[in-house]
Amino acid sequence: MPFLELKSIRKSFGENGSRTEVLRDINLSIEKGEFVAIVGYSGAGKTTLISLIAGLLAPDAGSLTLNDLEITAPGPDRGVVFQNYSLLPWLSVYENIYLAVDQVFPNWAPAKKQQHTEAHIAMVNLSPAHDKKPAELSGGMKQRVSVARALAMDPQILLLDEPLSALDALTRATLQDEIGRIWSQQKKTVVLITNDVDEGILLADRIIPLSAGPGATLGASINIDIPRPRDRKGINHDPRFKEIRRAVINYLLGAGGHRHTTVSKKLVLPDLEPEDLSVPPPMIGGRRTPIRRHEIKRETVEVE
Amino acid sequence: MNKSKFKFDWLVLPLFGIGVVLLLWSVFSATWAKELPSPMKTWEKSRELILSPFAKRGEMDQGILRFTWYSLVLVAKGYAIALLVGTPIGFCLGLSKTFSKTFDPIIQILRPVSPLAWLPLGLILFLGAGKQASELGALFTIAICAMWPTVLNTAVGVRAIPQDYLNVAKVLKLSRTKTLFKVLIPATLPYMFTGFRLSLGIAWLVIVAAEMLTGRPGVGGFLWQEYNSLIYEHIILCIITIGVVGFVLDRLMSVVEKRFKTA
Ligand SMILES: Nc1ncnc2c1ncn2[C@@H]1O[C@H](COP(=O)(O)OP(=O)(O)OP(=O)(O)O)[C@@H](O)[C@H]1O
Ligand SMILES: [Mg+2]
């Protein structure tokens, strides 16, 4: 009996005339305690899929069940880490998390709520930023607050929507390790949405590709039978890793229809290269300074 | 160097501007506008009102700040009513499409109506109140004229709340009241305060008209009385007072507004 089950889910947006189908025939079942990664193109419908599971959107057809109960509305049993952090900017780090704790555990004594909140701030190493407002935090710190808030709700399932895609490579690696560590401690059921195949393979038990939209659908799930703990440096040379990676990318390329000649991938290279002085400055307006490689946020590579 | 430039910008240049206007004023009063009192004459005639600003010699012969104080008290009351009525209306407009479609047209029609048009209606409405009628009528006029910026800005602010914040409220299953106080109001505050500031400006504009028509003691009432007694210097004094007070109020409100902008 799967813990989370999605059956023949369909979801379209728009009015009758210009209606586009975003997700088509989505089937997914996840066992308790599993860590599942879903990879897909930008705009494929990953956030839509997470919103459906979270209950923020209703499907046009099909059924979603969590623990055998139909998902009809959002609730704190599903902790969501939104793609854009979604912290309330007028509350400090502590208050953002406390709001969630206070709501989910209304019967706890205030001291216990406070201690629970502090413990989760400490878990993501943010104790020094305890009283800062979100505007005073870096992207990675906001992301960690968002993760801490979701975990502090002690949800049955954790839904992570591209939690790391806005970060630079070094912070990204650190937070990947942090998510891996937290998962191995808490053994929560996790759905991780990502656009980075390597990240999915590094962290998850299973990886499932989502084809390009419109009408995106999930491909076959691939078991990641690489033993844990996985070492991010060593894993690149693991033949099994390469095999899984190729399978996922092949699916994404093959099922992507019009997109099947290119792979678009966010760059994860650290900024080791000098400024590219060969790029001429624009004639009118625009930036005068040369472009550094790390500022190129996306690269498209031709493949045969 | 930088600092002195700064001082030049906000001290020397504005003083120069005031000097230019004073000069033009003197020239005009000396040439073609003979009825217009010169700056010197205005000062001489107004000295007593300014130098003992809180004196009270009679109902309509009081220090200028005493008059200002009466006006401010009345404005404060009318403004408070405007905010208390306007903010909830703004929230309803922002939250409910049906409410908005129902009442937006009538609001757009009532909004441009001048205080001069509302005041007689206010006086009629409170005719039964006897001696209080002029105060209640004035309050009614201030409230109904000053309300609209608060109403409209609050509505815009509520509509502009990012979906993300609402999603947080939904995922946490916040109750309606908690959503209102923990999410909707804090998210709307910056817009609300812009509305509050504009409303205060209008309330101060309306007070003068209301006092002139009702003859209540206050800067506006005093201005009208001095016009009738042909003491034109005091009219100018009143204009300057009204302007300065309005400016100070606006500055105070924008300080408050800025505080909430960063939130
Ligand atoms: N509320 C909505 N109304 C209309 N169309 C929408 C809505 N939300 C999403 N879409 C459309 O659905 C498609 C999928 O959007 P979605 O946000 O799920 O993509 P995504 O896979 O999360 O992309 P990214 O990786 O960039 O976050 C897009 O084409 C988008 O335009
Ligand atoms: Mg997304």
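Of note:
- B:Ala33-B:Lys258 FRET efficiency (beta carbon distance; Förster radius 45 Å; 0.05 resolution): 0.65
- For A:Phe35, the residues whose modelled amide H falls within less than 5 Å of its own, excluding neighbours fewer than 5 places apart on the same chain, are A:Val190, A:Asp205, A:Arg206.
- Label-point gap, in nm, between A:Gln114 and A:Asp238 - each point 7 angstrom along Cα→Cβ: 4.4 nm
- The length gained on full extension between A:Asp60 and A:Met1, counted as 0.36 nm times the residue separation minus their Cα-Cα distance, comes to 18.8 nm.
- For B:Asp61, residues with placed amide H under 5 Å, excluding near neighbours: none
- The 1.4 Å probe gives accessible areas that order B:Phe193, B:Phe260, largest first, as B:Phe260, B:Phe193.
- Among B:Leu119, B:Leu65, B:Leu180, the residue with the largest mean-square fluctuation in a Gaussian network model of chain B, with springs joining Cα atoms closer than 10 Å, is B:Leu180.
- Accessible area buried at the B-A interface, both sides summed, 1.4 Å probe (Å², nearest 100): 1700 Å²
- Legend: residues in the stretch A:90-105 shielded by at least 10 square angstrom of accessible surface upon adding the remaining protein chains to the isolated chain (1.4 Å probe, heavy atoms) are A:Trp90, A:Leu99, A:Ala100, A:Asp102, A:Gln103.
- Sequence-ordered 3J(HN,Hα) estimates for the stretch A:119-128 from the Karplus curve with 6.51, -1.76 and 1.60 and θ = phi - 60° stand at 4, 6, 5, 5, 4, 9, 6, 10, 3, x Hz, glycine and proline given as x.
- For A:Gly40, the residues 5 or more places off, or on other chains, whose built amide H falls under 5 Å of its own are A:Thr194, A:Leu210.
- Förster radius 22 Å - calculated FRET efficiency between B:Ala76 and B:Leu136 (Cβ-Cβ, nearest 0.05): 0.90
- Solvent accessible area, Å² - B:Val73, 1.4 Å probe, full protein context: 50 Å²
- Whether chain B is rounded, prolate or oblate, judged on the alpha carbon gyration tensor where a/c under 1.5 counts as rounded: oblate
- Contour minus Cα-Cα distance for A:Ser184 and A:Phe105 (0.36 nm per residue): 26.0 nm
- Considering only beta bridges that DSSP places wholly inside the protein assembly as shown, some 55 percent are antiparallel.
- Distance from the stretch B:117-131 to the stretch A:132-207 (C-alpha centre basis), Å: 64 Å
- Estimated vicinal HN-Hα couplings, Hz - the stretch B:54-61 in sequence order (Karplus 6.51, -1.76, 1.60; Gly, Pro = x): 10, 5, 10, 9, x, 3, 10, 10
- Cα shape, the stretch A:4-253, gyration tensor, a/c 1.5 rule: oblate
- Whole-Hz ³J(HN,Hα) from phi, Karplus 6.51 cos²θ - 1.76 cosθ + 1.60, for the stretch A:23-35, glycine and proline x: 10, 9, 6, 8, 10, 7, 9, 10, 7, 5, x, 7, 10
- Once the C-beta distance of B:Ile231 and B:Ala55 is scaled by a Förster radius of 25 Å, the resulting FRET efficiency is 0.90 to the nearest 0.05.
- Span-like helix criteria (full DSSP H runs; alpha carbon extent of at least 18 Å along the helix axis; mean Kyte-Doolittle hydropathy of at least 1.0) are satisfied in chain B by B:13-30, B:64-95, B:133-159, B:185-214, B:232-261.
- For peptide A:77-83, the mean count of partner chain Cβ atoms within 10 Å of a residue's Cβ comes to 2.
- Calculated [222 nm] ellipticity per residue, helices only, for the protein assembly as shown: -17000 deg cm²/dmol; basis is -39500 (n - 2.57) per DSSP H run with n ≥ 4, divided by all residues, nearest 500.
- Where B:Met60, A:Met1 fall by accessible area, highest first, once all protein chains stay in place (1.4 Å): A:Met1, B:Met60
- In this rough spin-label picture, where each label sits 7 Å from Cα along the Cβ direction, the B:Glu44-B:Leu23 distance is 2.4 nm.
The values are calculated or read from the model by the stated rules, or taken from the named source; none is laboratory data. Remember, it's a predicted structure, so these values are computed and weren't measured experimentally. Cβ atoms come from the backbone with ideal geometry, glycine included; neighbour counts cover every protein chain shown. Just the protein is used for accessible areas: all its heavy atoms, side chains included, with ligands, DNA and RNA removed. Shrake-Rupley method; radii C 1.70, N 1.55, O 1.52, S 1.80 Å.
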